[in-house]
Amino acid sequence: MADKHDNDSKLVGLLAQFDDPDSLVSACNEARLAGYKSMDAYSPFPVHGIDPAIGIQRSLLPFLVFVVGFGACFVGLGMQYYTNAAEWSPIFPGYAFKISGKPIFSLPANIPVTFEVIVLSSAFATFLGMWGLNKLPMFSNPLHRISRFKRATNDKFFLMIETKDEKFNRSETESQLNQWGAVAIEECRQDLTDNQLPSWVRLVGLLGVFLLMLPPVMIFRNMGMTNRQPRLHVVPDMDWQHKEKTQVLSPVMENGEYLFADERAMRQPVDGAIPRGRLEIDSEMYRGLKKDYRPKSAASSIKTNAQFVSASLEDKKEAPAAEAEDVSMWLTKFPEGITVDQDFVERGQQRFNIYCSACHGYDANGNGLVNQKAMALGANGQAQWTAAKSLHDATVKDDSKNPLGRIFDTITNGRNTMGPYGSQIPVEDRWAIVAYVKALQQTGIKPLTAVVDEDAGGEDDKKSDADGGSDAEDKTS
Amino acid sequence: MASVNPAIDIDNTNEEPGTRAPLVLGGLDYAGVTETVCAPWEAENPPKIWWLILAAAVSLLLVLGGCVNHLLMKGVGVWGNNNPAYWGWPIVNFVFWVGIGHAGTLISAILFLFRQNWRTSINRAAEAMTIFAVVCAGLFPGVHIGRVWVFYWLFPIPTEHLAMWPNFRSPLLWDVFAVSTYATVSILFWYMGMVPDIATFRDRCKTKIGKLVYGVLSLGWTGSARNWHRYEIAYTILAALATPLVLSVHTIVSFDFAVSQLPGWHTTIFPPYFVAGAIFSGFAAVVTLLVPARAIYGLQNLITLRHLENMNKIIMATGMMVGTAYGIEFFIAWYSGVPNEQFAFINRAFGNFWWAYWIMVTCNVVIPQLFWFKWCRTTPWFMVIVCIFVNIGMWFERFVITITSLCRDFLPSSWAYFHPTGVDIMMLIGSFGLFTTLFLLFCRFLPVIAMAEVKGIMPHGDGHH
């Protein structure tokens, strides 16, 4: 073993050249019979019969590919199930496509993609597995330094017996190789002096790594910061558009002033503009005002049928509160087009329970949950709250002071500290609530059905009932 | 090598009974094969004709680039696609190119599994052609999606703000998977097959930069028997994977049509018929490329007349399969008793696109019959002409299928005639520029013939022991 080492290179093995594949195979056979194990043959193409000659075991590669392919089958199916049939996941949830009532998950339709996933994964397993098992890529190999060996990829055949084989003996092995028909024999030496990378490679590498780190660092830094600028979009996508959104400040001009004087980006409709479907010409129906009512002051913006119908939304909103209470303007009966019957009042009950009961209570005595809670907080000084009125209160109940139209207006535009519900409740439903409120007022906290039976006659009956319902009023007050 | 005389075609198309006709001619030995294949790569300058073709190809490529740019700026409206033919030339071109892209894998995988040794001298070029054809094919649906910059929506990638996934029950999505898998596996197969030959280039290379590039690409390949052992197993596995894959790709492409309800599309014959058509057009493209390539590079001793003749036989066989399918379609339309189907086929042959139908039948069914004559299938210049006709015919086949059915769907009020625009035409022509440019670069910088494989099938000098 001594002569294998000298100062600057190490003997790796003896390389014997052969001129044709058949003599290579026979030499390999001889070598194996002579007891050599650490050897390898090199040829420009796979030589027939070489595997048994140098004792190569069958590779595990097919097994590996099978395992990967088998797994890919489930991955493929699972992926499709997850993305198209399951919606349970909290992150990146799937999305169950419903298409023409077909089943969400059906095997036949999912086979093509599963098949492709299997083939793709198996192909990668084969490709990467083969190179991995072959320990390639490996760019540093002492063989590549032998000029004769360059013909191993052209037309010559080589057998190398490595020094690490127990039976290796420099001179004996050489004479054996000669005996087996080697055309030429050469030492394969590994250069020990040359195994350091040139120093600049390290420097460039380090610099490269450093530069590569910069972008991710910048990205993470920016992700942790707040910024008033819009997000950076590499490709202009539809989720970001060059426009101002509602509820933001007006854009600023070059001279530092706001583009819009009111400092809002959002623009209001032009005066007198009426949105589609919102003409609302019928003032009885939409505003609870008598048709022939004319506001006394010219400045008033309350519009009735008698006037030009260009009432804008804002006009209506400001109106009644500003006007001194002129009760005569309010409608005292339900407008035309509204028929009060059991269904209508039940609809009103349902809407009332949804929209009003939170404050006014189910029986309208002003003691809904919100009210209770707010009063409790108010008692501790933790909140400011005006108690929701009991709708059985004399002022609310009195038809002369609070006609139907005015209740409708209360719901639509709010009153005093009560907020408006016009934008949330459609007109007909508001009238239904009015009907239900009237019904409630007659009964105090009696169940609805009893009242509706009496009311079956319609609004006129109801009004007379309301007039005579004094015992109910007594009960609540 | 000096001994190679490229001008002479040796006739090896006849086989003596009991012997195998040689596949490598001109008395080439192992070194001779290496020399012949490396000669064009080692030549200081490529031949003049190479430059000429490259110049033409690059100009067409520029046309293509201009068209794609125009398309991206303006939108898909620059094409002739319009109601009712929303699938116009882009899909026709896609299917055309994907079809061509079938021959490579077929030659390298299926013929490998069938132990057809003659495949070795043509498989490399055919695989390269496959990949370049798939590149051209991918271009068309790629730009057809409109908002190209979000192409990744085609793949099941989780999105932050959409919570949307591809619909895995749609044939168009199967297509995405099939074509991208096919492209990937073809590239793996091609590259893996090329590594030993790149190692040959590495060992012969004289320039520094070449040594570096080919050195890295060859991964340190030594040709060790242990490596060859695993390499051959891997090659067989990849071939076994690629075989069903190549069949699945055009099957799935045909599903794009067949799964819909349109008369003329909704037929079960589509998958086998498309696959046969793909092989047909693919082989025709291989012949069209290899006949000039072997003449320019003097590869006649490796790509022999026998190779060409074999391919021509396959072309004739698949051509007749395609012809049979045309006939069967008519039969089934009649036999189904569905008036819409019957109308669709009568309309194909005699409707306002009759000319396209008869171009298709002439090119695909009639012209390949010439290959019954030995002279026709063994005369290089003549077979190229036939093969060009075959590819014209196969383009028209896709045109006929796509356009005639779309222009005459269930609703007569929406019937219309299809007019391509200039952009349509220029993009089709431009795609040939892309294809040819890639192929020319391949011829210049990579091993055109699988040297290691050819050497493996050469008879050993001194016979078997």
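Here, each number is a calculation from the coordinates, and none is a lab measurement. Everything numeric here is computed off the predicted structure, so don't read it as measured data. In this analysis, Cβ positions are derived from the backbone assuming ideal geometry, glycine residues included, and neighbour counts consider all displayed protein chains.
List the trypsin sites (Lys or Arg not before Pro) within the range B:119-176 that DSSP assigns to loop and that have no more than 15 neighbouring Cβ atoms inside 10 Å.
Those satisfying the criteria are B:Arg147.
Per residue of peptide B:120-128, the mean number of Cβ atoms on other chains within 10 Å of the residue Cβ is 0.
What net charge is computed for the residues neighbouring A:Leu259, neighbours being all others with C-beta under 12 Å from the C-beta of A:Leu259, Lys and Arg scored +1, Asp and Glu -1?
Numbers: positive: A:Arg264, A:Arg267; negative: A:Glu244, A:Glu254, A:Glu257, A:Asp262, A:Glu263.
After counting each charged neighbour, the total is -3.
Taken over the range B:66-225, the percentage of Cα pairs per 5 Å bin, counting from 0 up to the bin with the maximum distance, is 2, 8, 12, 14, 14, 14, 12, 10, 8, 5, 2, 0, 0.
For a quick protection proxy, order the peptides B:328-337, B:196-205 by their average other-Cβ count within 10 Å, most packed first.
Numbers: B:328-337: 14.3, B:196-205: 23.8.
Going from most to least packed, we get B:196-205, B:328-337.
The residues neighbouring A:Thr126, those whose beta-carbon lies less than 15 Å from its own, together hold a net charge of 0 under the Lys/Arg +1, Asp/Glu -1 convention.
Determine the sum of side-chain charges near B:Leu370: Lys and Arg each +1, Asp and Glu each -1, restricted to other residues whose C-beta is under 15 angstrom from that of B:Leu370. Can you show the working numbers first?
Numbers: positive: B:Lys313, B:Lys374, B:Arg377; negative: B:Glu309.
For residues surrounding B:Leu370, the net value is +2.
Descending by average beta-carbon neighbour count within 10 Å, the peptides A:176-183, A:47-54, B:15-22 line up as A:47-54, A:176-183, B:15-22, the highest first. Taking 10 °C and 1.306 mPa s as conditions, the range B:199-312 diffuses translationally at an estimated 87 µm²/s according to Stokes-Einstein applied to its Kirkwood radius (Cα pairs). For the residues of A:54-62, the average number of beta carbons from a partner chain within 10 Å of their own beta carbon is 4.
Normalized C-alpha radius of gyration of the range A:337-433, against 2.2 N^0.38 Å?
Taking N as the residue count of the range A:337-433, the ratio is 1.13.
Going from the fewest other Cβ atoms within 10 Å to the most, the residues A:Val252, A:Val270 appear in the order A:Val270, A:Val252.
So what's chain B giving for Cα Rg divided by 2.2 N^0.38 Å, two decimals? Each step should come with its number before you reach the end.
Values: Rg = 23.2 Å, N = 465, 2.2 N^0.38 = 22.7 Å.
Working it through for chain B, the quotient is 1.02.
With 20 Å as the limit, the listed pairs B:Lys48/B:Lys211; B:Lys313/B:Lys455; B:Lys374/B:Lys455; A:Lys291/A:Lys333; A:Lys135/B:Lys208 have B:Lys48/B:Lys211; B:Lys313/B:Lys455; B:Lys374/B:Lys455; A:Lys135/B:Lys208 beyond it between alpha carbons. The Kirkwood hydrodynamic radius of the range A:24-90, based on inverse pair distances between different Cα atoms, is 15.9 Å.
Relative to the longest principal axis of the Cα atoms of chain B, helix B:89-100 runs at roughly 30 degrees. Counting Cβ atoms of other protein chains within 10 Å of each Cβ in B:172-181 and taking the mean gives 4. Once you reduce the range A:142-173 and the range A:338-387 to the center of their Cα atoms, the two points are 97 Å from each other.
Mind running the shape call on the range A:1-194? Use the C-alpha gyration tensor, a ≥ b ≥ c as the square roots of the eigenvalues: rounded below 1.5 for a/c, prolate if a/b tops b/c, oblate otherwise. Prolate shape, in that a/c is at least 1.5 and a/b is the bigger ratio. For the range A:96-146, the Kirkwood hydrodynamic radius comes to 14.9 Å, computed from all pairs of different C-alpha atoms. Model label points for A:Ser89 and A:Val270, set 7 angstrom from Cα along the Cα-to-Cβ axis, are 5.3 nm apart. Remark: A:His360, A:His242, A:His144 ranked as A:His242, A:His144, A:His360, counting other beta-carbon atoms within 10 Å and listing the fewest first.
So if the hydrodynamic radius of the range B:224-282 is defined as the Kirkwood radius over C-alpha pairs, what does Stokes-Einstein give as its diffusion coefficient at 20 °C and 1.002 mPa s, in µm² per second?
On the way: Rh = 13.4 Å.
This corresponds to a translational diffusion coefficient of 160 µm²/s.
Can you tell me the FRET efficiency between A:Phe139 and B:Asp11 if r is taken as the Cβ-Cβ distance and R0 is 51 Å, rounded to the nearest 0.05? Each step should come with its number before you reach the end.
Values: r = 46 Å, r/R0 = 0.90.
About 0.65, to the nearest 0.05.
What's the ranking of A:98-111, B:271-284 by average number of surrounding C-beta atoms within 10 Å, highest first? Walk me through the numbers before you get to the answer.
Values: A:98-111: 11.7, B:271-284: 26.4.
Order by mean packing, descending: B:271-284, A:98-111.
Taking all Cα pairs closer than 8 Å and separated by 6 or more residues, the relative contact order of chain B comes to 31 percent. Each of B:His70, B:His102 has some number of other Cβ atoms within 10 Å of its Cβ, and from fewest to most they run B:His70, B:His102. All C-alpha to C-alpha distances of the protein assembly as shown, sorted into 10 Å bins beginning at zero, yield P(r) values of 2, 9, 14, 15, 13, 11, 9, 8, 6, 6, 4, 2, 0, 0 percent in whole numbers. Between A:Leu192 and B:Phe155, the modelled label-to-label distance comes to 4.9 nm, taking each label 7 Å out from Cα in the direction of the beta carbon.
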